[in-house]
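Here is the structure we will look at, set down as structure tokens.
Bear in mind that the values in this text are calculations on the coordinates, not laboratory data. Because the structure is a prediction, the values reported are computed rather than measured. Quick reminder, even Gly has a Cβ in these numbers, built from the backbone with ideal geometry, and neighbours come from all protein chains shown.
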Amino acid sequence: MKRIRILPVILFALLLGLLAFGISTYLLKHKENGFVFTAQKNVTEDALKILTSIQNKEEINLFENTQKEYPSFDSKEAYDVAIQALFQDVNVEELNLELVEKTDTQTKFEIHNGDQYLGTLKLDTDENDTIHASLPIQGSESYIFEVPVGRTFTMNGLDVDASYKIEENVPASNFFQFQDQTSIPHVDIYEVDHLLGLPEVELDGEKGEVLVDAITQHLLVGEALEDEELKELMIEDGQKIAQYPAQEVGLGAVSEIALTSSSWYERYTSLQNYWFTAHNISNFSNQDVICGIKQSEDTAVGHVVFDYFADNGEVHRTWHIGYQMTMVNTPQGWKVGGMEINNELNPNQIQPE
């Protein structure tokens with residue numbers, strides 16, 4: 001009977017085992033590094049499909065998914081505008097997608113258009129094999145907000161905490177003309193950077209409004225001005241303020257509507273009233289309060305616009321007027337406590353006709 005030598009057989013089996021282990025380890029390593037091209041190609045195709053959907057303005061819940069992964073103060077409207085601007089002139093097929101992270105449920109690509117970095121696309125796969133895409137974008141806008149003291153301030157549903165606060169309990173900017181400090185609302189001032197655009201704001205969980213202060217360019221935060229009678233009064237008062245320098249009303253008509261202790265009124269009394277000569281024909285048109293907020297129960301501020309036509313029999317002119325008017329509720333009713341020409345609304349144009 002032929003004897004089998006056991007030791008060489010065992011050595012041969014061990015060599016086969018080591019060889020199999022080495023091959024499997026090599027394949028596993030290269031698969032994890034993305035070198036198994038069939039799997040990598042499928043993931044890249046998913047990313048390209050999503051980028052194509054973004055470019056075609058298809059609804060894929062991109063903003064909602066991004067907010068979950070990377071909470072931001074930006075609104076959906078601002079995000080949608082920014083994402084379209086980012087990809088509008090891009091050929092998706094020519095983008096370079098660099099795989100920077102991959103797990104069983106998550107993939108991240110850096111997106112490059114030539115030498116330009118566009119952002120990092122993150123793909124999450126849920127238990128139903130549904131892909132959820134997110135793509136954060138950082139903006140370049142910076143805003144300063146003036147928020148009434150004691151109010152909870154949120155943007156896009158996220159708390160704006162004390163880390164953003166730069167001043168506390170100071171008079172609101174639009175009340176710098178007031179000598180009487182008792183009626184001035186005080187505010188906390190916040191500065192927020194890297195926004196895509198003007199955010200949606202909330203006070204105490206309710207929708208708020210912002211108005212750009214004509215002097216400081218701060219965003220004054222308050223509740224939307226919905227009092228139609230007060231809006232109409234602001235327009236009427238603004239028209240009287242315009243009529244005085246055009247020699248259509250006397251100073252007494254303005255003093256009736258003004259908080260006469262305010263510095264704007266003191267300046268106004270020294271105004272040279274020769275915009276125009278005496279005339280009998282005039283009218284107003286296109287009047288509106290295009291933005292208005294209440295900063296407190298007894299104060300409000302609004303941007304008032306109107307066209308003012310006047311005819312003296314020889315010459316007729318139209319002024320396009322824009323004011324920022326701060327109103328205060330006094331025992332004698334609502335009075336104009338602050339008044340500024342708003343250069344954004346008033347192009348300082350006189351059109352001969």
Over all viewing directions the Cα convex hull of segment 141-224 casts an average projected area in nm² of 5.5 nm²
Computed ³J(HN,Hα) along segment 229-245: with the Karplus parameters 6.51/-1.76/1.60, θ = phi - 60°, integer Hz and x for glycine or proline, the list is 5, 5, 4, 5, 5, 4, 5, 4, 5, x, 5, 5, 4, 6, 6, 4, x
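Determine the alpha carbon to alpha carbon distance for each of 49/76; 68/122; 68/207; 76/102; 49/108 and list only those over 18 Å.
Values: 49/76 22 Å; 68/122 12 Å; 68/207 21 Å; 76/102 28 Å; 49/108 15 Å.
Going by Cα-Cα distance, 49/76; 68/207; 76/102 fall outside the 18 Å limit.
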With 0.36 nm assigned to each residue of separation and the Cα-Cα distance removed, residue 45 to residue 128 gains 28.0 nm
Given 134-145, 335-346, 94-105, the highest-first ranking by average Cβ count within 10 Å works out to 335-346, 134-145, 94-105
Quick numbers on segment 37-134, Rg and Dmax over C-alpha atoms in Å, give 13.1, 39
Long-range amide H partners of residue 295, meaning residues 5 or more apart or on another chain whose placed amide H is closer than 5 Å, are 300, 301
Semi-axes a, b, c in Å (a largest) for segment 290-348, each sqrt of 5 times a Cα gyration tensor eigenvalue, come to 29, 14, 7
Mean Cβ-within-10 Å packing, highest first, puts peptides 238-244, 326-332 in the order 238-244, 326-332
For the pair residue 138 and residue 316, the simple spin-label estimate (label points 7 Å beyond Cα toward Cβ) gives in nm 5.8 nm
